[in-house]
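Working notes for the structure below.
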Amino acid sequence: MRKLILLIILFLTVGFVIASLSDIQESMASLRMGNWRFIVMAALLEGLWLINIGASYQAIYGIVGLRESRRRLAYLSTAANFLSVIAPAPGGVPAIAIFLNDANNRGHAKGRVMVAWAINLLFDYLGMLVVVTLGLVVLVRRNNLHLPQVIAFVILLLVALAIATLLYLGMRSPAMLGKVLAWLAQRLNRIIGFFTHRQYLKVERAYTFAEDAAEGMQALRDHPNRLWQPFLLALSNKALLITILMLLFLAFNAPFSAGTLVGSFGISYLFVVVSPTPSGIGIVEGVMALTLRSLGVPLGVATLITFSFRGLTFWLPLMIGLIAFREISKTSSLVAVNPVEASKQ
């Protein structure tokens, strides 16, 4: 079974790469055209960004009473990102399955891991909301704000509120959380069943899932004052990405301002989340180039910066994630299909 799963993942990876070959080629060609010194600095910052994500998870793991190395958590996050892109599924299922499988292998309490993953996701969205809000302010001041950007922002805000609400319910009452998750599972089954004609989630397991998470919720209630650290780390993650974008402006000798950097990054990354394609593939590139153009960057330079940025912040981590996933799969029983089943292993 494990070999079959890995074969399917390999097949999906090959298909994904073939379908995205033009984007990969554009990204590599754009990087070669920039000043190599700034490109190298940007690549090093990308490595620091990956380490910082591990630090974010490590801080949250500490809050819920788990101990794990920053390196291991950065490794898991890149593998989870790879799987989420190659095999997208509702609710970030592949990502949490990676962490739950690791919890099973290393003896961590799965309920605490589930809560840690949800908190990290919430803070990532909150950090993005801060940057996107600043980006919208830039566009308003330059009279470049349009309805699709506002709609995307509202969707992102609603997603963050939904995650925060589920965490709050879990802290107040595991039984109430179980009822809400069961209701969500029923709706998700109805939507997915329309296409697959089968039940995707077992509704009765939602209550067990909530009970498992209660342990992590209790740890969260005991240390609410420690939540500032992961929130600041989430903001620093976005700051590192904006700095990478600045280095690419320097690499292509393009003039810029703080407003140009924050506006283009904020609006572009808004569509990483609010997009029908995994990580906004094919959409973020177009949105970022057009946003840069609307902020006064020549279209040719905007295109080079866009593809270079995506090459460093999307394709490079994706390749690292492929390696991480391959190494993890050698020593674990990856991959569970949905988080409720993974939590029962």
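The values are calculated or read from the model by the stated rules, or taken from the named source; none is laboratory data. Here the structure is a predicted model, which means the values were calculated and not measured. Positions of Cβ are backbone-derived with ideal geometry, glycine not excepted, and every protein chain shown enters the neighbour counts. The area values use the complete protein model at the heavy-atom level, side chains included, leaving out ligands, DNA and RNA. Shrake-Rupley method; radii C 1.70, N 1.55, O 1.52, S 1.80 Å.
Overview of results
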item	result
Part-to-part distance (alpha-carbon centres) for the range 141-170 and the range 26-68, which is given in Å	25 Å
Inter-label distance, nm, simple model (7 Å from Cα along the C-beta direction), residue 29/residue 69	4.2 nm
Per residue, in Å², the accessible surface of the range 201-310 once ligands and nucleic acids are set aside, probe 1.4 Å	40 Å²
Approximate spin-label separation residue 228-residue 186, in nm, with each point projected 7 Å along Cα-to-Cβ	4.3 nm
